[in-house]
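Where a number appears in this text, it was derived from the coordinates with a stated rule and is not lab data. What you see is a predicted model; the values in this text were computed from it and never measured. Neighbour counts are summed over all protein chains in view; Cβ atoms, including those assigned to glycine, are modelled from backbone coordinates with ideal geometry.
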Amino acid sequence: MVQRVLVINGPNLNRLGSREPEIYGTLSYSELAGAISEKALELGFEVDIRQSNSESEIIDWLHFAADSQLPVIMNPAAFTHYSYAIADACAMLGEPLIEVHLSNPGAREEFRHHSVITPSATGVIAGFGVDSYLLALQALSRLLLSKA
């Protein structure tokens, strides 16, 4: 049976490639999704990649993941720093949650240094661009193998 993984991307990630390329690079969102899909296939995962600028939609997806017992890789983007509603939904997950960021929030503006998501995360990978997601998929593969 193929392991399903939900990959959730938060606000403004749909603007990759045109939004602050000096920070986020020139890779488009569709290219990011393609790289994630390719790596997931290599690792034997079926990925469901989603992006929303809506906090409530992301919460609904996290509820779905909790109910379906799906592991989650999530880049909460700006919601990282203040969305207690998303943090509460993350706390309901029974499977691994890996928080990812394209840039390194700790090396940026002060308000980005704190994550309300991290306390519920199995791990955090940040600062490696698209490789943050690919490393998260590798870590998830190892986590799930160790549970088997």
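Pop the C-beta distance of Q138 and T26 into the FRET formula with R0 = 25 Å and round what comes out to the nearest 0.05. Once rounded, the FRET efficiency stands at 0.55. Close amide H pairs (under 5 Å, H built 1.01 Å from N) link Q51 with N9, residues at least 5 positions away or on another chain. Comparing V100, V72, V124 in a Gaussian network model of the chain (Cα springs below 10 Å), the most mobile by mean-square fluctuation is V124.
The share of Cα pairs per 10 Å bin across region 4-121, counted from zero up to the longest distance, runs 14, 46, 35, 5 percent.
Taking amide H atoms as placed 1.01 Å from N in the peptide plane, the amide H of I73 lies under 5 Å from those of L6, V7, I8, I98, each 5 or more residues away in sequence or on another chain. Over the residues of the chain, the helix contribution to mean residue ellipticity at 222 nm works out to -12500 deg cm²/dmol, using -39500 (n - 2.57) for each DSSP H run of at least 4.
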